[in-house]
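The structure under discussion appears below in the form of structure tokens.
The values are calculated or read from the model by the stated rules, or taken from the named source; none is laboratory data. Treat the numbers as computed from the prediction; the structure is a model and nothing was measured. Cβ coordinates were reconstructed from backbone atoms using ideal geometry, including for glycine residues, and neighbour counts include every protein chain displayed. Ligands, DNA and RNA are stripped out before the accessible areas are found, and what is left, the full protein with its side chains, is counted by its heavy atoms. Shrake-Rupley method; radii C 1.70, N 1.55, O 1.52, S 1.80 Å.
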Amino acid sequence: MQAHEIMIKQVYKVKESDTVRSVIERFIEHRISGLPVVNERNEIVSYISDGDIMRYIGKHRDVVVDSIYYVAVFKGDQEAYEERARRLLDLNVMEIGKKKVIKVSWDEEIENIAAILGKKQIKKLPVERNGVLVGIISRGDVIRHSFKSLM
């Protein structure tokens, strides 16, 4: 079984010029947790997930780097949680999205897709054909299609 046989063809996505506000609106409206980011040619340029948002709004602690020659302190958050959340809404998606996107070709075999999802510990994989976004596959899609005929 190949990716194009199990992928969801209607993919919710955002453009590289969108703000995080539009991402969060789609997350809430469609009850999803991640979106591919595409350019004007529908090529995948980034991926933004709920984890990226959690890392941004979560508390960042001070980091102390101590060596023989110097000590450096990198300050954590100076602003309140609500301020970080408010500031996040107006950021461009490319500022916090992952630019190194793990994706699969539309003819990738399901067993390879399962291996990628498991090994990389990710929930979804964008599917591309000729460099263009054509679908998305989640862990649930793989499980449903893998075990449907066995149960």
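Data overview
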| quantity | calculated |
| --- | --- |
| Accessible-area ranking of Met151, Met94, largest first, probe 1.4 Å | Met151, Met94 |
| The chain: relative contact order in percent, alpha carbon pairs under 8 Å with at least 6 residues between | 31 |
| Glu82 - accessible surface, heavy atoms, 1.4 Å probe, Å² rounded to 10 | 110 |
| Fraction of antiparallel bridges per DSSP, the chain only, in percent to nearest 5 | 85 |
| Rough spin-label spacing in nm, given labels placed 7 Å along Cα→Cβ, for Gln10 and Glu25 | 1.9 |
| Where labels lie 7 Å past Cα in the beta-carbon direction, separation of Ser33 and Ala114 in nm | 2.1 |
| Centroid-to-centroid separation of region 103-124 and region 29-43 [C-alpha atoms, Å] | 18 |
| Among the listed pairs Lys99/Lys123; Lys15/Lys103; Lys9/Lys98, those beyond 20 Å (Cα-Cα) | Lys9/Lys98 |
| Given charges at beta-carbon only (K, R positive; D, E negative), |dipole| of the chain in Debye | 260 |
| Residue-level accessible surface for Asp18, protein heavy atoms, 1.4 Å, Å² | 40 |
| Rg to Rh quotient for region 3-148, alpha carbon positions, Kirkwood Rh | 1.07 |
| Heavy atoms of Arg86 accessible to a 1.4 Å probe, total area in Å² rounded to 10 | 140 |
| Where labels lie 7 Å past Cα in the beta-carbon direction, separation of Arg144 and Arg41 in nm | 3.2 |
| Long-range amide H partners of Ser46 with built H, under 5 Å | Val37 |
| Cut-off under 5 Å, modelled amide H: who pairs with Asp18 long-range | Val93 |
